[in-house]
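Q: Below is one structure. I have some questions about it.
What follows draws every value from the coordinates through simple rules; no lab data is involved. Every value quoted in this text rests on a predicted model; they were computed, and no experiment measured them.
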């Protein structure tokens with residue numbers, strides 16, 4: 001799943017949780033899904049940061 005789609009899903013989950021209408025079984029599943037999405041987003045951000053750092057360090061100095 002792309003970073004943008006993961007972030008959008010996280011926002012949807014937060015909205016559901018804020019409403020407070022989620023049953024206990026659904027609540028548990030949503031929290032697990034959100035946790036996995038947060039880990040995935042952090043990983044993608046870290047990879048992007050590393051790629052940008054490598055690209056900038058490879059540029060010849062003027």
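Q: In deg cm²/dmol and to the nearest 500, what is the mean residue ellipticity at 222 nm of the chain if only DSSP H runs of at least 4 residues count, each as -39500 (n - 2.57), divided by the residue total?
A: Numbers: 2 runs with 52 residues, N = 62.
Roughly -30000 deg cm²/dmol at 222 nm, from the helical runs in the chain.
Q: Let me ask another. How far is helix 3-19 tilted, in degrees, relative to the longest principal axis of the Cα atoms in the chain, given as a value from 0 to 90 rounded to the nearest 10?
A: 30
Q: Test of understanding: express the Cα radius of gyration of the chain as a ratio to 2.2 N^0.38 Å, with N the residue count.
A: 1.62
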